[in-house]
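What follows is a set of notes on a single structure, which appears directly below.
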Amino acid sequence: MRNSKASSQVITCKAIVCWGKGEPLKVEEIQVEPPKSYEIRLKMLCASICHTDILSAKGLPTPIFPRVLGHEGVGVVESIGEQVNGLKQGDTVIPTFVSECQTCENCTSGQTNLCLKYPVLWDSRQLDGNSRMSIKGQSLFHRFACATWSEYVVINANYAVKVDPCIPLSHASILSCGYSTGFGAAWKEAKVKEGSSVAVFGLGSVGLGAVEGARIQGASKIIGIDKNPRKKEKGQVLGITDFINPCDSDKSISELVRELTDGKGVDYSFECTGVIPLLNEAIESTKAGKGTTIMMGSGGNSSMQINFLPMICGRTLKGSIFGGLKTKSDLPILLEKCSNKEIRLDELLTHEVELEDINKAFELLKEADCVKVVVKI
Ligand code: CXF
Ligand code: ZN
């Protein structure tokens, strides 16, 4: 039987709702509709916190409220719509915010992971413009189309990636955004070459993913940059060869990177903080004429100023969502690396909270040794 009885019923469950800009998050009883024909309803098992959820709670870049937050997570298929192929009840899946139809101009271009048929759902509703979540009759927006900080969620089946149930849930969850974004940036966007040099700005989960991606690609010099001295050791486990703490010097970061690279700069830099002045530093840390910077950090800002001279001197700046990873072609490869223990995700898992304690989780993120907070659902 493809559909359970539950698929025709609305489910009332707990979810984390953000009612307005900067307001504390609330645990609420919400209603989750049954899946429509191309949708699946997931029972979420585990979620995690990504920096952009904090920005969303502050109304950045767009104040969309009331909204169920969370976009990292993993769940099990509770029920499916009539037209869904390739997924069944009981499958373990990651909800994703990018998709891959494999047929559109972008998917077949070999240049981008931004599918045109199933785009990033910036307006925080499902593809048909509606939401499947509500509270006392009032519609709730999603975080992208994911809204993982909920016991149940409905997503379009094209935004779901099947996961080997043997992968620890916490690992699957952190592969659904931050870490994969960094890893993909080194692997798919920069295509880091063997023996090359790399600088990673910010050693949170995105940055540590970029470090590990660069190490696996064969980079021989990986410079980690972070204001938090505790990140040095963590970075070393994942693969940094050098560490810069900008607070320890009066020099600019790009000068410090040059000092570590015979005055030349690095082949690739990865901006994972979203702090705009750091983007210029990341660009200026790369080699004139051929250096590449991949920008992933989201500061929630809508504009920024890029210095003219370093860019005109032949450097490349590329923006990236989800590290350029395609959800059908690339994410399964990363999930397999996780199964084979080729990547060290345990190093990222520093804290764990219950869904109800999500506000506490935001506090934990300020702690010096915090990389990733996992949310048990
Ligand atoms: C986000 C960064 C801002 C654009 C959408 C994706 N990545 C992770 O949360
Ligand atoms: Zn994220």
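The values are calculated or read from the model by the stated rules, or taken from the named source; none is laboratory data. A quick note: this is a predicted structure, and the numbers were derived from the prediction, not measured. Because the Cβ atoms are built from the backbone with ideal geometry, glycine has one as well, and the counts that use them run over all protein chains shown. To get the accessible areas, we keep the full protein, side chains included, count just its heavy atoms, and leave off ligands, DNA and RNA. Shrake-Rupley method; radii C 1.70, N 1.55, O 1.52, S 1.80 Å.
Residues that are within 16 Å of ligand 2 (Cβ to nearest atom), open to solvent by less than 10 Å² (accessible area, probe 1.4 Å) and either in contact with an Asp or Glu (Cβ under 8 Å, 6 or more places away or on another chain) or within 25 Å of residue 377 (Cα to Cα) (or both): does region 6-21 have at least one? Can you show your working first?
The first filter runs over region 6-21 and keeps only residues within 16 Å of ligand 2 (Cβ to nearest atom), leaving 16, 18.
Next, only the ones that are open to solvent by less than 10 Å² (accessible area, probe 1.4 Å) stay: 16, 18.
Filter again for either in contact with an Asp or Glu (Cβ under 8 Å, 6 or more places away or on another chain) or within 25 Å of residue 377 (Cα to Cα) (or both), leaving 16, 18.
Yes, region 6-21 contains at least one residue that is within 16 Å of ligand 2 (Cβ to nearest atom), open to solvent by less than 10 Å² (accessible area, probe 1.4 Å) and either in contact with an Asp or Glu (Cβ under 8 Å, 6 or more places away or on another chain) or within 25 Å of residue 377 (Cα to Cα) (or both).
On the stretch given as region 45-64, residues that are among the hydrophobic types (A, V, I, L, M, F, W, C), farther than 20 Å from residue 322 by Cβ and away from ligand 1 (no atom under 14 Å from the Cβ) total 1.
In this structure, does residue 79 turn out to be within 16 Å of ligand 2 (Cβ to nearest atom), of a type in the set (Ser, Thr, Tyr) and either open to solvent by less than 10 Å² (accessible area, probe 1.4 Å) or at pLDDT 95 or above (or both)? Taking the combined requirement at face value, the residue does not satisfy it.
Scanning region 180-206 for residues that are within 16 Å of ligand 1 (Cβ to nearest atom), small (Gly, Ala, Ser) and open to solvent by 20 Å² or more (accessible area, probe 1.4 Å) returns a single hit, 204. Within region 314-325, the set of residues being part of a loop (DSSP other than H, G, I, E, B), out of contact with any strand residue (DSSP E or B) (no Cβ under 8 Å at 6 or more places or on another chain) and surrounded by 15 or more Cβ atoms within 10 Å (Cβ to Cβ) comprises 321, 325.
Residue 177: modelled with pLDDT under 95, within 16 Å of ligand 1 (Cβ to nearest atom) and in contact with a Phe, Trp or Tyr (Cβ under 9 Å, 6 or more places away or on another chain), yes or no?
no
For region 241-287, filtering for residues that are open to solvent by 20 Å² or more (accessible area, probe 1.4 Å) and on the phi > 0 side of the Ramachandran plot leaves 2.
Which residues, counting only those in region 82-102, are open to solvent by less than 10 Å² (accessible area, probe 1.4 Å), touching a Lys or Arg at 6+ places or on another chain (Cβ under 9 Å) and either without any contact (Cβ under 8 Å) to a residue 12 or more places away in the chain or not in a loop (DSSP other than H, G, I, E, B) (or both)?
Filtering region 82-102 for residues open to solvent by less than 10 Å² (accessible area, probe 1.4 Å) gives 84, 93-96, 98-100.
Filter once more, keeping what is touching a Lys or Arg at 6+ places or on another chain (Cβ under 9 Å): 84, 93-94, 98-100.
Once the filter is applied, which keeps residues that are open to solvent by less than 10 Å² (accessible area, probe 1.4 Å), touching a Lys or Arg at 6+ places or on another chain (Cβ under 9 Å) and either without any contact (Cβ under 8 Å) to a residue 12 or more places away in the chain or not in a loop (DSSP other than H, G, I, E, B) (or both), region 82-102 yields 93, 94.
Condition test on residue 131, is it touching a Ser or Thr at 6+ places or on another chain (Cβ under 8 Å), of a type in the set (Gly, Ala, Ser) and within 16 Å of ligand 2 (Cβ to nearest atom)? Please lay out each step first, then the result.
On the way: touching a Ser or Thr at 6+ places or on another chain (Cβ under 8 Å): yes; of a type in the set (Gly, Ala, Ser): yes; within 16 Å of ligand 2 (Cβ to nearest atom): no.
Here the answer is no, as residue 131 does not meet what is asked.
I'd like to know if region 179-186 contains one or more residues that are in contact (Cβ under 8 Å) with a residue 24 or more places away in the chain and closer than 21 Å to residue 376 by Cα.
We begin by selecting, within region 179-186, every residue in contact (Cβ under 8 Å) with a residue 24 or more places away in the chain; these are 179-186.
Checking the rest, the ones that are also closer than 21 Å to residue 376 by Cα come to 179-180.
Within region 179-186, one or more residues are in contact (Cβ under 8 Å) with a residue 24 or more places away in the chain and closer than 21 Å to residue 376 by Cα.
When you scan region 2-11, do you find a residue that is at pLDDT 95 or above and in contact with a Lys or Arg (Cβ under 9 Å, 6 or more places away or on another chain), even just one? For region 2-11, residues at pLDDT 95 or above and in contact with a Lys or Arg (Cβ under 9 Å, 6 or more places away or on another chain): present. Residues in region 128-149 that are touching a residue at least 60 places away in the same chain (Cβ under 8 Å), under 15 Å from residue 97 (Cβ atoms) and not basic (Lys, Arg): 141, 142, 144, 146, 147, 148, 149. Exactly one residue out of 234, 251, 227 is outside any helix (DSSP H, G or I) and within 20 Å of residue 178 (Cβ to Cβ), and it is 227.
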